[in-house]
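Contents: one structure, followed by commentary.
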Amino acid sequence: MLDRNIETLRRRRMAEQQSASWRDRTADAITRFTGSMTFVFLHLAAFGFWIAANLHFVPGVPAWDESFVVLAMIASVEAIFLSTFVLISQNRMAAAADKRADLDLQISLLAEHELTKVATIISEIAKQMGLQTAFDPEVEEIKRDVSPDAVLDEIERSTE
């Protein structure tokens with residue numbers, strides 16, 4: 001059962017990745033790369049060389065941006081694009097998380113409904129057999145079906 005569920009989830013995620021547009025896949029790939037240590041090391045080397053060369057620390061290399069205006073402009077434009085790619089990826093991840101949360105809620109509601117039915121059946125069996133337990137008051141509450149709207153309304157009221 002566990003293996004089946006894991007395989008189902010794996011297949012589902014693979015299908016979601018394959019159904020993503022080329023734009024989304026490109027944004028995800030760029031986000032993955034820019035979130036890596038390779039990206040950090042490349043920037044450290046490139047910006048470090050740029051700064052060192054323009055401060056005349058590298059013999060034989062003439063300075064080309066002594067005020068660092070060009071470097072600042074490149075870094076600013078890069079930051080604009082990178083933040084956009086990150087936001088695109090985050091939006092996709094949020095949409096996938098919302099779908100998983102909806103599935104989780106649906107499964108929880110189904111389990112709640114099924115457990116309510118089981119509690120009702122067991123209670124009726126106990127009644128037919130003339131059994132009484134210390135949990136009788138709690139059983140009556142368990143046998144009531146819970147309305148998702150009522151739960152959400154209560155959560156909203158308690159967080160105000």
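Exactly one condition in (1) at pLDDT below 95; (2) open to solvent by 70 Å² or more (accessible area, probe 1.4 Å) is not met by Leu44; state its number.
Evaluating Leu44 over (1) at pLDDT below 95; (2) open to solvent by 70 Å² or more (accessible area, probe 1.4 Å) leaves (1) as the failure.
State which residue is farthest from the chain's Cα centre (by Cα) when the search covers only the range 144-154 and only residues that are surrounded by 10 or more Cβ atoms within 10 Å (Cβ to Cβ) and among the aliphatic types (A, V, I, L, M).
That would be Val146.
From the list Val77, Val118, Val86, exactly one residue is more than 30 Å from Gln17 (Cα to Cα), in a helix (DSSP H, G or I) and either of a type in the set (Val, Ile, Thr) or touching a Phe, Trp or Tyr at 6+ places or on another chain (Cβ under 7 Å) (or both). Which is it? Walk me through how you get there before you give the answer.
Values: Val77 fails: more than 30 Å from Gln17 (Cα to Cα); Val86 fails: more than 30 Å from Gln17 (Cα to Cα).
Every option except Val118 fails the conditions.
Anything in the range 89-114 that is more than 18 Å from Leu9 (Cβ to Cβ) and either in contact (Cβ under 8 Å) with a residue 24 or more places away in the chain or open to solvent by 70 Å² or more (accessible area, probe 1.4 Å) (or both)? List them, or say none.
Ser89, Gln90, Asn91, Leu109, Glu112, His113, Glu114
Restricting attention to the range 64-74, which residues are open to solvent by less than 60 Å² (accessible area, probe 1.4 Å) and either farther than 19 Å from His43 by Cα or assigned to a helix (DSSP H, G or I) (or both)?
To start, the set of residues in the range 64-74 that are open to solvent by less than 60 Å² (accessible area, probe 1.4 Å) comprises 65, 68, 71-72.
Correct list: Leu71, Ala72.
Quick test of your reading of the structure: Thr159 fulfils all but one of (1) open to solvent by 90 Å² or more (accessible area, probe 1.4 Å); (2) over 28 Å from the mean Cα position of the chain (by Cα); (3) of a type in the set (Ser, Thr, Tyr). Name the failing condition by number.
Result: Thr159 fails condition (2) only.
Here is a check on your reading of the model: is Phe81 of a type outside the set (A, V, I, L, M), open to solvent by 100 Å² or more (accessible area, probe 1.4 Å) and within 34 Å of the chain's Cα centre (by Cα)?
On the way: of a type outside the set (A, V, I, L, M): yes; open to solvent by 100 Å² or more (accessible area, probe 1.4 Å): yes; within 34 Å of the chain's Cα centre (by Cα): yes.
Answer is yes for this residue.
The values are calculated or read from the model by the stated rules, or taken from the named source; none is laboratory data. Since the structure is predicted, the reported quantities are computational estimates derived from the model, not experimental observations. Neighbour counts run over all protein chains shown; Cβ positions are idealised from the backbone, glycine included. Side chains included, ligands, DNA and RNA excluded: accessible areas come from the protein's heavy atoms. Shrake-Rupley method; radii C 1.70, N 1.55, O 1.52, S 1.80 Å.
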